[in-house]
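Engineer: Take this structure first; my questions come after.
Values in this text are rule-based calculations from the coordinates and carry no lab data. Model, not experiment: these values are computed from the prediction. Note that each Cβ is placed from the backbone with ideal geometry, even for glycine, and that neighbours are counted across all protein chains shown.
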């Protein structure tokens with residue numbers, strides 16, 4: 001039974017009701033699987049949500065979340081009592097952490113867009129949207145004199161877009177029998193994405209490009225959100 005992924009349609013949904021369909025322990029630790037979840041698993045460069053799974057008498061603290069074979073595994077430890085199979089439970093995520101992850105993820109897409117707009121030879125391939133070590137890796141290299149100015153130029157475009165406050169939209173599309181999800185800034189760009197995002201660009205806050213450097217076959221742009 002696949003887990004229903006409630007976070008795909010609403011970044012700001014921080015609670016939901018669910019039923020426990022599996023639980024156990026593996027090499028990662030103790031886990032709980034529910035029929036539906038608001039917890040975003042680690043993936044796509046985005047950290048997993050943290051929070052709690054509660055019944056009337058028991059509580060399980062979630063500190064890591066993994067999506068595997070269509071099922072979401074919530075890892076952690078019981079802090080009060082012990083949950084059981086079939087229990088009706090309330091899921092609650094840490095709201096500030098969720099919104100922070102969403103801001104960083106949205107900022108990452110803006111950097112991917114700005115980098116390619118300035119330097120068409122660069123194509124964003126992967127990213128890390130963890131607030132402690134965020135970066136975007138672009139396929140391709142810049143010349144040394146381009147690297148010298150790249151951080152300031154990318155930063156200028158990104159923050160101009162943020163100040164513009166455009167809406168951020170999620171779009172679904174069927175293609176070749178598959179359902180695809182896109183993060184969109186209407187009239188500017190759309191990119192495939194399975195992560196959480198804020199509602200408008202001005203929620204991101206000011207972004208600072210920490211460093212642009214060559215890293216193997218990639219050009220890495222490290223970034224930080226400097227306003228809360």
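Engineer: If I take every Cα pair under 8 Å that is 6 or more residues apart in the stretch 79-228, average their sequence separation and divide by the length, what percent do I get for the relative contact order?
Structural biologist: After rounding, I find 26 percent.
Engineer: May I pose another question? Hey, rough spin-label estimate for residue 160 and residue 174, points 7 angstrom out along Cα→Cβ, what's it come to in nanometres?
Structural biologist: Taking the simple label geometry, residue 160 and residue 174 are separated by 4.0 nm.
Engineer: Moving on. For residue 27 and residue 82, FRET efficiency with R0 = 25 Å and r from the beta-carbon atoms, rounded to 0.05?
Structural biologist: E between residue 82 and residue 27, to the nearest 0.05, is 0.75.
Engineer: OK, next. Normalise the Debye intensity by I(0) for the stretch 13-131, one equal point scatterer per Cα, no solvent, then take log10 at q = 0.13, 0.17 Å⁻¹ and round to two decimals.
Structural biologist: -0.55, -0.81
Engineer: Which of 117, 167 has the fewest other C-beta atoms within 10 Å, and how do the rest follow up to the most?
Structural biologist: 167, 117
Engineer: Moving on. Normalised by the number of residues in the stretch 25-130, what is the relative contact order in percent for Cα pairs under 8 Å and 6+ residues apart?
Structural biologist: Worked out over the stretch 25-130, it gives 27 percent.
Engineer: So which residue, out of 26, 35, 137, gets the largest mean-square fluctuation from a GNM of the chain using Cα contacts under 10 Å as springs?
Structural biologist: 26
Engineer: I'd like the distance separating the alpha-carbon centroids of the stretch 67-120 and the stretch 33-63, in whole Å.
Structural biologist: Going from one Cα centre to the other spans 8 Å.
Engineer: Can you tell me which of 187, 29, 177 moves the most in a GNM of the chain? Springs connect C-alpha atoms under 10 Å apart.
Structural biologist: 177
Engineer: Another question, if that's okay. Can you report the principal axis dimensions of the stretch 26-84 using only the alpha carbons, biggest first, rounded to whole angstrom?
Structural biologist: 35, 22, 19
Engineer: Something else: Under the √(5λ) rule applied to the eigenvalues of the Cα gyration tensor, what semi-axes describe the equivalent ellipsoid of the stretch 98-225? Give them in Å, descending.
Structural biologist: Values for the stretch 98-225, descending: 23, 17, 13 Å.
Engineer: What number do you get for the chain when its Cα radius of gyration is normalised by 2.2 N^0.38 Å, N = residues?
Structural biologist: Against the empirical 2.2 N^0.38 Å value, I get 1.11 for the chain.
Engineer: Expected output is a single nm value to one decimal: the length gained when fully extending between residue 19 and residue 133, i.e. 0.36 nm times separation in residues minus the C-alpha distance. What is it? Before the final figure, lay out each step's value.
Structural biologist: Details: separation 114, 0.36 × 114 = 41.04 nm, distance 3.49 nm.
Between residue 19 and residue 133, full extension yields an extra 37.6 nm.
Engineer: Another question, then. Of 211, 175, 36, which has the largest mean-square fluctuation in a 10 Å C-alpha GNM of the chain?
Structural biologist: Per the Cα network of the chain with a 10 Å cutoff, 175 tops the list.
Engineer: Set the Förster distance to 35 Å, then compute FRET efficiency between residue 2 and residue 143 from the Cβ-Cβ distance, nearest 0.05.
Structural biologist: Working: r = 47 Å, r/R0 = 1.35.
Efficiency computed from Cβ-Cβ geometry: 0.15.
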